1. Longer than 23 Å from Cα to Cα, which of Lys71/Lys212; Lys144/Lys165; Lys141/Lys201; Lys144/Lys247; Lys141/Lys247; Lys71/Lys165 are they? Say none if no pair is.
2. What residue among Leu209, Cys224, His195 has its Cα farthest toward the positive end of the dipole of region 192-240, where the charges are +1 on Lys, Arg and -1 on Asp, Glu, each on the Cβ?
3. Which FRET efficiency value, to the nearest 0.05, is calculated for Ala215 and Ala151 with the Förster distance at 35 angstrom and r the Cβ-Cβ distance?
4. Net charge within 13 Å of Gln95 by Cβ-Cβ distance, Lys/Arg positive one each and Asp/Glu negative one each, not counting Gln95 itself?
5. Using 0.36 nm per residue, how much length does the chain from Ser189 to Asp36 gain when fully extended, once their Cα-Cα distance is taken away?
6. Please give the peptides 246-257, 231-242, 157-168 ranked by average Cβ packing (other Cβ atoms within 10 Å per residue), highest first, as a rough proxy for protection.
7. For region 142-246, give the magnitude of the charge dipole about the Cα centre (Cβ charges: +1 Lys/Arg, -1 Asp/Glu; no others), in debye to the nearest 20.
8. I'd like the FRET efficiency for Gln120 and Asp69, computed as 1/(1 + (r/R0)^6) with the beta carbon distance as r and R0 of 41 Å, rounded to 0.05.
Amino acid sequence: MGACRGTVGPVVAALLAAAAFHAPAHAQVAGFDPADYGRAQLPERQSTGDAARFIEGNRGAFEPISELDPKDPLYALARPIGRLDVVMRNARTGQETGASCTAELVAGDYVLTNHHCLPQSGDMRPVKASLLMDYLTLDGKGAKRFEVSVAPEEFDAALDFAVAKVEGAPTAEYGAVALANAAPEGARSLMVIHHPLGRPKVMSRFRCLAAKEQADGAELRHRCDTLGGSSGSLLFDAGANGVALHKEGGLDPADATSFNTATRMAAILDRSRILQAAVASGAARPGPAPAG
């Protein structure tokens, strides 16, 4: 599934498009009312209600992390991944809107996400941002929020990544993701852990593959199910290493040649000293399961 295409149908697709703020075409950002910033459960308004019900009924594509045993390695792998909530302000009009993406903790208490989730150019600028961790159920029980700098330490619009500082030392509790220089080949199995439509954390692994036909350069084409809100999520290989950063939808189940798009981690690591240091330190580790 892509941001505005796929099995959700034309009505839901149109609603999803209306919900997103003015990000690049097919960017997978979920919109929300800025008045709801700080809430775990973002109210189901007209723009997302149908799609939210679609997610609930499509457990084959989106497997809830909450249903895993806390001792499961996949549960541990998901712990450093959270929902990034951002309030954006239009520099020309002053109008504010909410944007929700997915983001990952990396060593050093940094967060990795898409540049279009924390843009530093154009009319829309972030004015406040936070990372919601352990958002596994709609009631938000057990979730915790950490403030994120709206001025990334590193970013690249072309590669569509941003690395920003997170307050509160969250990696001590949730751990950090492992990143790798690996270059996934066509039809290799992948997995993505994300917050589609800003809803509780899920994983997509059914028919989640690198596309057989790949372009040259930093782009990775894949066929993993995503929706708005999935921007900034990592694609993991079989070794639980983050090998690409998802950024755009475009997958159509009726079209075998369609694909979603990510940026290869090798290209991002080449431009990011912070992420290079995180890989070199070997500090990546999953966080311990929550008590109780």
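1. Checking Cα-Cα distances, Lys71/Lys212; Lys144/Lys247; Lys141/Lys247; Lys71/Lys165 exceed 23 Å.
2. His195
3. 0.65
4. Details: positive: Arg89, Arg92, Arg125; negative: Asp33, Glu96, Asp123.
Spelling it out: positives minus negatives among the neighbours equals 0.
5. 51.4 nm
6. 231-242, 157-168, 246-257
7. Numbers: 11 positive and 13 negative charges, 125 e Å.
Rounded to the nearest 20 debye, it is 600 debye.
8. 0.50
Taken together, the values in this text are just the output of simple stated rules run on the coordinates, not laboratory data. Everything numeric here is computed off the predicted structure, so don't read it as measured data. Reconstructed Cβ throughout: ideal geometry from the backbone, glycine too, with neighbour counts over all protein chains shown.
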